[in-house]
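The values are calculated or read from the model by the stated rules, or taken from the named source; none is laboratory data. None of these values were measured; they are calculated from a predicted model. Here the Cβ positions follow ideal geometry from the backbone for every residue, glycine too, while neighbour counts run over all protein chains shown. To get the accessible areas, we keep the full protein, side chains included, count just its heavy atoms, and leave off ligands, DNA and RNA. Shrake-Rupley method; radii C 1.70, N 1.55, O 1.52, S 1.80 Å.
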Amino acid sequence: MLILQCPCCGVDADETELSPGGEAHLKRYGPGSSEDDFEGYLFMRENPKGVHFERWRHAHGCGKWFHAARCTVTLEVFGTYPAQSYAPPQDILDRIAARRPGWRWREFA
């Protein structure tokens, strides 16, 4: 079972208390953007085998959104952090790099 710590209220919540929100750190396009950019934002998502950054909502708790870094293969959780973050905290990136040599954070442009 997947257990994530809500960084907003500090509760260790299992997946039955959470609602998934898809991929984290997506670039959103505003008025005047091309249809291809908007289509990419709506439909083109990463679905990696390995490290993934996701959005979660503590639905049966504080109700706040947060981000989680985890491995989709092993369900290993590297950490959680507030949804207002534009990028994962350095300590989480370091934790991932220590467990996955050669892994690098891909900036979303």
Quiz item: Applying the Karplus parametrisation 6.51 cos²θ - 1.76 cosθ + 1.60 with θ = phi - 60° to the phi angles of the range 10-15, what ³J(HN,Hα) value in whole Hz is obtained for each residue in order, glycine and proline being reported as x?
Solution: x, 7, 7, 10, 7, 4
Quiz prompt | Within the chain, helix-based [θ] at 222 nm, where runs of 4 or more DSSP H residues each add -39,500 (n - 2.57), nearest 500 | solution = -5000 deg cm²/dmol
Quiz item: What is the set of long-range amide H partners of T72 at a cut-off below 5 Å, with H atoms built 1.01 Å from backbone N?
Solution: G50, V51, H52
Quiz item: How would Y41, Y81 line up by accessible area, probe 1.4 Å, largest first?
Solution: Y41, Y81
Self-check item: Mean accessible surface per residue for the chain, computed with a 1.4 Å probe while every protein chain stays in place, in Å²
Solution: 64 Å²
Practice problem: Quick one: net charge around S33, please, counting Lys, Arg +1 and Asp, Glu -1 for every other residue with C-beta under 12 Å from its C-beta. | Solution: -2
Quiz item: By how many nm would the segment from K27 to E76 grow when fully extended, if each residue of separation counts as 0.36 nm and the alpha-carbon distance is taken off?
Solution: 15.1 nm
Quiz item: Taking amide hydrogens as modeled 1.01 Å from N in the peptide plane, which residues meet the under 5 Å criterion relative to G79, leaving out close sequence neighbours?
Solution: A69
Self-check item: Accessible-area order (highest first, 1.4 angstrom probe) of the listed residues V73, V11, V51
Solution: V73, V11, V51
Quiz item: Tally Lys and Arg at +1 and Asp and Glu at -1 over the other residues with C-beta under 15 Å from the C-beta of L18: what net charge comes out?
Solution: -1
Quiz item: (1) 1.12; (2) 0.95; (3) 1.40: which one is Cα Rg over 2.2 N^0.38 Å as calculated from this entry?
Solution: (1)
